[in-house]
Amino acid sequence: EISGLQHVFLLHGKDLHLDIKKSVVLDKKTDLIWRFNETNNVAKCYFNNDPVMFDKYAGRAEVFGQNYSLLLKNVQHSDSGDYTAVLFGAQDQKVVQYRLVLKLYALDSVSSSSDSCNLIVTCSTVDSQISSIFTCDAQNCSLVEKGSFKAQNYSSSLVVYLQQSFIICNHSNQVSMEQTKKDIKLYCKEKPVLNSWTSPDAGFSPFLCSARSLLQRRSVAVCLWAFLLFIAEFTGAFFLSQDVPNCRFCHS
């Protein structure tokens, strides 16, 4: 009789080996079938005959040796689930049962409103076994909604945090850890500096050149030119207001 469900953790794209450790004896009235999720037959083993692979698994599955171990090649996310070896005879009997858990690649999506830097970050696995929603601003992230697990018998986690200018989503389980990240600057646009070029109602003033804009190479020349114009206008107005004798450029 089956002793219990055994978990197998495997990387996506690797080969799966499932062993039957107890002795199995087939006869003319007893066959063995490997099943996936109780309803899909993978392979059938007969007495004194070669094992037969069912159509969906032809070329991908093999059964080896006297203990009828199963090999499934190049496992995909759709292969995640329960694999059971069942003896069919006078009485049906489950021999062994495994649950395949693949490495789950972490994905995230980021959305933001156009007038702020408040972000909604969704971090989930490919097959949606676990997911969480976070809200982030320019300084930190906090959990809004935590999804539930389909299987509670293994450890798996999602963590979202900010590091420098990146939103980082980490997913980990017994197989390994996967990380994805998004640049927060792609979603948080800096508001433009108001000046005479961006605000038609604003009067010209060199003092509208902020310290931040001075750090930008293109703005240095603009701010310097604005400052020189301001000095020129100021000095011109000053000299015109003075009574300078014998000035051939001065007019009454």
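Here are a few things to note about the model shown:
- Residues of the stretch 42-59 that are in contact with a strand residue (DSSP E or B) (Cβ under 6 Å, 6 or more places away or on another chain), without any contact (Cβ under 8 Å) to a residue 24 or more places away in the chain and not hydroxyl-bearing (Ser, Thr, Tyr): 44, 45, 47, 51, 52, 53, 54.
- Within the stretch 55-71, the set of residues being under 35 Å from the mean Cα position of the chain (by Cα) and under 20 Å from residue 17 (Cβ atoms) comprises 56, 57, 58, 59, 60, 61, 62, 70, 71.
- Of the residues 113, 78, the single one that is modelled with pLDDT under 65, over 14 Å from residue 38 (Cα atoms) and either surrounded by fewer than 20 Cβ atoms within 10 Å (Cβ to Cβ) or β-branched (Val, Ile, Thr) (or both) is 113.
- Of all positions in the stretch 4-24, none carries a residue that is of a type in the set (D, E, K, R) and in a strand (DSSP E or B).
- Selected residue (criterion: surrounded by the fewest Cβ atoms within 10 Å (Cβ to Cβ)) from residues of the stretch 1-53 that are within 38 Å of the chain's Cα centre (by Cα) and among the small types (Gly, Ala, Ser): 4
- For the residues 67, 41, 49, the requirement of being farther than 16 Å from residue 100 by Cβ and part of a strand (DSSP E or B) singles out 41.
The values are calculated or read from the model by the stated rules, or taken from the named source; none is laboratory data. Computed from a predicted model, the values in this text were never measured in an experiment. Positions of Cβ are backbone-derived with ideal geometry, glycine not excepted, and every protein chain shown enters the neighbour counts.
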